[in-house]
Amino acid sequence: MGEMEELRKEMENLKDQITAARKTFQDSTLQEAAAGVTVVGRVQLKTRKTLRGHLAKIYAMHWGTDSTLCVSASQDGKLIVWDTITTNKVNAIPLKSSWVMTCAYAPSGNLVACGGLDNMCSIYNLKGKDGNVKVMRELAAHTGYLSCCRFLSDTEIITSSGDCTCVLWDIETGTQKTVFAGHQGDAMSLGVSPDFKFFISGACDFTAKLWDIREAECRQTFGGHESDINAIGFFPNGNAVITGSDDATCKLYDLRADQELLTYQDSSIMCGVTSLAPSKSGRLLLAGHDDFNVNIWDMLKAERVGVLAGHDNRVSCIGVSTDGMACCTGSWDSFLKIWN
Amino acid sequence: MSSGMQSSSSMAQARRVVQQLRMEASFERIKVSKASSDLMRYCGEHAKNDPLLMGIPTSENPFKDKKPCTVL
C-alpha cells in the first residue's frame with residue numbers, strides 16, 4: 001500500500017515538474033513572434049474533380065507519393081485506387097470485411113493496406129504477376145479496431161488501434177516487431193515523421209505522443225485538448241505536430257520546445273475535427289469537420305482564411321498530395337473531391 | 001487472481017508510468033522564441049513552392065480541364 005501511494009505522489013510531482021519546465025522555456029509565444037506577419041489572403045480552392053464510385057460512407061483516403069494516384073476505403077467493402085487526374089479507377093479491391101476505418105498507400109506504390117473493426121491490417125499487392133490484386137498478408141494481433149496505418153516501406157508498417165497501442169509490423173513475416181504502449185485511451189490516428197525515425201499518435205486519452213521507432217520508446221506526451229484526438233500530422237519540417245480533436249479545435253505543438261504553440265479555434269466552429277493536412281510549406285492547415293466543411297487556417301496567425309464547402313455529409317478524411325498541388329477530401333456522402 | 005497479484009500488476013503499471021514521466025521530465029527543450037522563429041522561417045522559405053498558398057496558373061494545373069481555343 002505504501003509504495004502505491006508513493007508512486008502516485010511521484011507521478012503528480014513529475015507532472016508538475018514538466019509543466020514548470022515547459023513554462024521556463026516559454027520566453028515568448030508564437031502569436032507574439034508572428035505579430036508582424038501579414039495574414040494570408042483569402043484562400044479559395046475549387047473542386048476540380050469528383051471521384052464517384054463508392055456506394056457508402058468513405059472513411060479514409062491516402063495519396064500515393066506520385067501525387068496522381070490515391071487510395072480510398074469505404075464501408076461499401078471496397079478499396080479503390082484512383083487516378084485523380086483522369087478520375088479512372090485503377091483498382092477496385094473487394095474486402096473480406098466491409099467495416100474498414102483506415103487505408104494507406106506504400107511510398108513505393110506497390111502496396112496498399114486497410115483495416116477496421118476486424119482488428120486486422122490487411123496488406124494488398126497491387127503489382128502481382130497476373131495483374132490480380134490479392135491479399136498479401138493479414139496482420140493480426142490487435143485486440144481492438146484498427147484506426148490508422150502507415151507504411152514505412154514495403155516491409156514495415158505502423159498501426160494504431162482501439163486497444164490503445166500502436167504496433168510496428170514486419171510485413172514479410174506478419175509479426176509484431178514492437179508494441180508501443182502508453183496511451184490510456186483508443187489510439188485514433190498516427191503520422192510518420194519526414195525522416196521516418198519517429199511517429200506521432202493521437203488518442204482518446206486527449207493526448208498526442210511522439211515515439212522513437214527504433215529505440216521503441218515514447219519520447220514526449222502532449223496534452224491540452226479537452227476531448228478525443230481524431231487526427232494528427234507532422235508539420236512539413238518534422239519539428240512540430242498538429243492535432244485535431246472532438247473539442248472542435250486543432251493545436252500546434254513544437255517538438256523541440258516540448259509544448260503547445262497555438263490553438264486553432266473559433267466560436268462559430270462547434271463540430272469535432274475528423275481529419276487534417278498541412279499544405280506543402282506548412283503555412284496553411286486544412287481541417288475536416290463533422291459539419292460537412294473543411295476549414296483552412298493560416299497556421300502562423302491562427303486565423304481562418306478559407307472554407308471548402310462541397311460535401312453533403314461529414315468530411316471524414318483529407319490529404320494534400322506530396323507535390324502540394326492538390327487537396328483531396330473524402331466524405332460520408334460517398335464522394336472524394338480534388339481541390340486546388 | 002489473488003489480491004496480491006492484482007496489486008502487483010497495477011504496481012508494475014504505476015512504476016512504468018513513473019519511469020516514463022521521469023524520462024519526459026528530463027527532455028532537453030529549446031525556447032519558444034527559437035522554435036517560433038524557425039517555424040516562421042520555414043514557412044517563408046517554402047511559400048513560393050506551395051501551390052495551394054500561391055495559386056496555380058491554369059496552364060500548369062494538371063487537374064484543370066484545359067478547353068481548346070478556337071481562333072475565329
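Any read-out appearing in this document is the output of simple, stated calculations on the displayed coordinates, not a laboratory observation. Everything quoted here is computed from the prediction, not taken from an experiment. Here the Cβ positions follow ideal geometry from the backbone for every residue, glycine too, while neighbour counts run over all protein chains shown.
The table below lists the values:
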| item | result |
| --- | --- |
| In the stretch A:31-164, lysine pairs closer than 24 Å at Cα, eight or more apart or cross-chain | 20 |
| 3J(HN,Hα) from dihedral phi, the stretch A:296-305, Karplus parametrisation 6.51/-1.76/1.60, rounded to Hz, x for glycine, proline | 10, 10, 7, 5, 7, 9, 6, 10, 6, 10 |
| FRET efficiency for residue A:312 and residue B:16, using Cβ-Cβ distance with R0 set to 45 Å, rounded to 0.05 | 0.45 |
| Amide H within-cut-off set for residue A:317, under 5 Å, with H built and near neighbours excluded | A:330 |
| Phi to ³J(HN,Hα) by Karplus 6.51 cos²θ - 1.76 cosθ + 1.60 over the stretch A:166-172, Hz, x for Gly, Pro | 10, 9, 9, 10, 9, 5, 4 |
| Reachable aspartates and glutamates, given that their alpha-carbon falls under 15 Å from the alpha-carbon of residue B:31 and they are not under 8 places away in the same chain | A:27, A:32, A:254, A:258, A:260 |
| Long-range HN-HN contacts of residue A:136 with modeled amide H, under 5 Å | A:123, A:124, A:125 |
| Relative contact order for chain A, counting Cα pairs under 8 Å that sit 6 or more residues apart, in percent | 14 percent |
| Nitroxide proxy distance, nm - points 7 Å out along Cα→Cβ at residue B:41 and residue A:176 | 4.2 nm |
| Amide H contacts of residue A:185 (H built 1.01 Å from N, under 5 Å, at least 5 apart or other chain) | A:204, A:205 |
| Two-site label geometry, residue A:37 and residue A:66: point separation in nm, points 7 Å out along Cα→Cβ | 3.5 nm |
| P(r) of chain A over all Cα-Cα pairs, binned every 20 Å from zero, in whole percent | 32, 58, 10, 0 |
| Cα-Cα separations in the stretch A:192-282 greater than 16 Å, expressed as whole percent | 50 percent |
| Mean-position separation - Cα centroids, the stretch A:175-245 and the stretch A:65-93, in angstrom | 27 Å |
| DSSP loop GluC sites (Glu not before Pro) with at most 16 other Cβ within 10 Å: longest gap in chain A | A:1-171 |
| DSSP-loop trypsin sites (Lys or Arg not before Pro) across the stretch B:13-72, with at most 10 other Cβ within 10 angstrom | B:66 |
| Inter-label distance for residue A:55 and residue B:34, nm, one decimal - labels placed 7 Å from Cα along Cα-to-Cβ | 5.8 nm |
| Exposure proxy order (Cβ contacts within 10 Å, fewest to most) of A:136, A:299, A:270 | A:270, A:136, A:299 |
| Neighbour cut-off at most 11 other Cβ (10 Å), DSSP loop, trypsin sites (Lys or Arg not before Pro), the stretch A:225-299 | none |
| Neighbour cut-off at most 14 other Cβ (10 Å), DSSP loop, trypsin sites (Lys or Arg not before Pro), the stretch A:20-65 | A:42, A:46, A:52 |
| Label-reachable residues, the stretch A:305-340, where backbone N falls under 16 Å from a point 7 Å from residue B:64's Cα toward its Cβ | A:325-327, A:338-340 |
| Estimated 222 nm signal from helices in chain A, with DSSP H stretches of n ≥ 4 weighted -39500 (n - 2.57), rounded to 500 | -2500 deg cm²/dmol |
| Cross-link reach list, lysines versus residue A:177, counting only Cα pairs under 18 Å and skipping chain neighbours closer than eight places | A:197 |
| Derived scalar couplings ³J(HN,Hα) [the stretch A:246-252; Karplus, 6.51 cos²θ - 1.76 cosθ + 1.60; whole Hz; x for Gly, Pro] | 5, 7, 6, 10, 10, 9, 10 |
